[in-house]
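What follows is a single structure, written as structure tokens, with notes after it.
No value in this document is a laboratory result; all are computed from the given coordinates. All figures in this text were calculated on a predicted structure; none of them were measured in a lab. Please note: Cβ atoms are built from the backbone with ideal geometry, for glycine as well, and neighbour counts cover all protein chains shown.
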């Protein structure tokens, strides 16, 4: 038995099981009736425990020890990623893995009902149990990796990332935003007052499909559906995205479509040679969010794309000038909803969540205190009065699905997106790239990202290493600061 081939077979099997679980998650969010929650929780628990058992098997450790060191860099990286996954799997008992899967399904379903009823107390009990189990998982991972519990969770979403490094970046970003946001708001005070760009859900859905087709989304290998919270999931052969539609703001759903399409492009562009192997997967969520934010923010809010969006909205019977669309996309104002926030205030939404979730995992904050602390943070960070539950602590699915440690990657991804987009402008030519975007043509941009990011899988040990290889510079706030000044203050 060749240890390397046996490892590849076992990890491919685990990957296929996890893919099956992702389809059950998709169904739970898109089509499953509420009454299916208990059965779905059990199904997900069995799949999670099965996949975990494969990777945590002591024989995996023996095979890793026997596997010969390969000269090929892809084989070396694949073994590195296998070892990382095996260490994490052996740290967490299988019964905790299955209990977490059940708790996530139960909490997520309770969140859907609580959000609909605008009542945090309806999810409080399920959320409390999920937080308890997540703390146990974090402690087990932290002990195995020699990290704090929170850093152990952060490492699962972005290998090598540490909260102390995030804090340094966020502190610099806060100083920059505190300086520029008032300047932008003052400058925009002279803008003409215009009616909101409205359209019913069906019209937005049709425009969303048109937008996807134009930017190159392949409906033979993907879907667009509705969900309570926009998301992307899938495989290179079947990338699925969802959006939600607001009749009072026809652009919010279209921006969600672009965001999730960026994720789908990454999923579809992963290296086919390494399908189902750890090295063939995305290089963490900072890299993944950079791709969604390039599609949505960097390209999607350019004057060129504003012109294109105005055109397809007009074709659908929703008249708005290119200038009006651009002003709507560039308006900067503190607001409650993260996924609808402008580029300048968006990082503040992430920073306050980063602070809260660290305290939830450490135990300094108890689940029942979330609403009160959230409202305090909204006041202190964004200067807004306390929102209702739906627009406050219930607005995101992440925590109620057990995704602690994910949020920092949104803003780190925004920094990477600015850096990558400026590198793309340099390679493609700024005029050429923006001329393409005026026609809704993302092909040159996507070609650059496929070459530099998608096709690289997890070849590099961290998303920072990947970004530096792609741009020639270490990840920093510099490109993002340049982007904000150029777009909003020039």
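Note down, for the stretch 162-277, the three equivalent ellipsoid semi-axes (square root of 5 times each alpha carbon gyration tensor eigenvalue), biggest first, whole angstrom.
31, 26, 11
Taking the Cα centroid of the stretch 183-208 and of the stretch 1-64, what is the distance between the two, rounded to the nearest whole Å?
When both Cα centres are located, 43 Å separates them.
Quick one: length gained pulling residue 355 to residue 450 fully straight, 0.36 nm per residue minus the C-alpha distance? It would help to have the intermediate numbers written out before the result.
Details: separation 95, 0.36 × 95 = 34.20 nm, distance 3.35 nm.
Value of the extension gain: 30.8 nm.
Compute the FRET efficiency between residue 46 and residue 482 as 1/(1 + (r/R0)^6), taking r as their Cβ-Cβ distance and R0 = 51 Å, and round to the nearest 0.05.
0.55
Okay, which of the stretch 78-98 sit inside 17 Å, backbone N to the point 7 Å along the Cα-Cβ direction of residue 2?
78-79
Can you work out the base-10 log of I(q)/I(0) for the stretch 164-488 at q = 0.13 1/Å, using the Debye formula on its C-alpha atoms alone?
Debye intensities relative to I(0), on a log10 scale: -1.00.
Can you give the extra length, in nm with one decimal, that the chain gains between residue 439 and residue 237 once fully stretched, where that is 0.36 nm per residue apart less the Cα-Cα distance?
70.0 nm
How big is the Rg/Rh ratio for the stretch 365-490, C-alpha atoms only, Rh by Kirkwood, two decimals?
Value, to two decimals: 1.07.
Convex hull over the alpha-carbon atoms of the stretch 1-156: what's its volume per residue in Å³? Intermediate results must be reported in sequence, preceding the final value.
Values: hull volume 19.7 nm³, N = 156.
Taking the convex hull of the Cα positions in the stretch 1-156, it is 126 Å³ per residue.
Can you say what percent of the DSSP beta bridges in the chain, counting only those with both residues inside, are antiparallel? Round to 5.
Details: 5 of 10 bridges.
Here the antiparallel bridges make up roughly 50 percent for the chain.
State the Cα centre-to-centre distance between the stretch 117-146 and the stretch 296-328 in whole Å.
41 Å
Calculate the spin-label point distance for residue 273 paired with residue 430, positioning each point 7 Å from the Cα along the beta-carbon direction, and give it in nanometres.
Here the answer is 3.6 nm between the modelled labels.
Whole percent per 10 Å bin, from 0 to the bin with the longest distance: what is P(r) over all C-alpha pairs of the stretch 267-365?
Using 10 Å bins, I get a P(r) of 13, 28, 28, 22, 9, 0 for the stretch 267-365.
Per DSSP helix of 4 or more residues, -39500 (n - 2.57); summed, then divided by the residues of the chain. What does that give at 222 nm, rounded to the nearest 500?
-21000 deg cm²/dmol, from helical runs alone.
Under 20 Å from a label point 7 Å along Cα→Cβ of residue 315: give me every residue in the stretch 238-277 with its amide N that close.
250-259, 261-262
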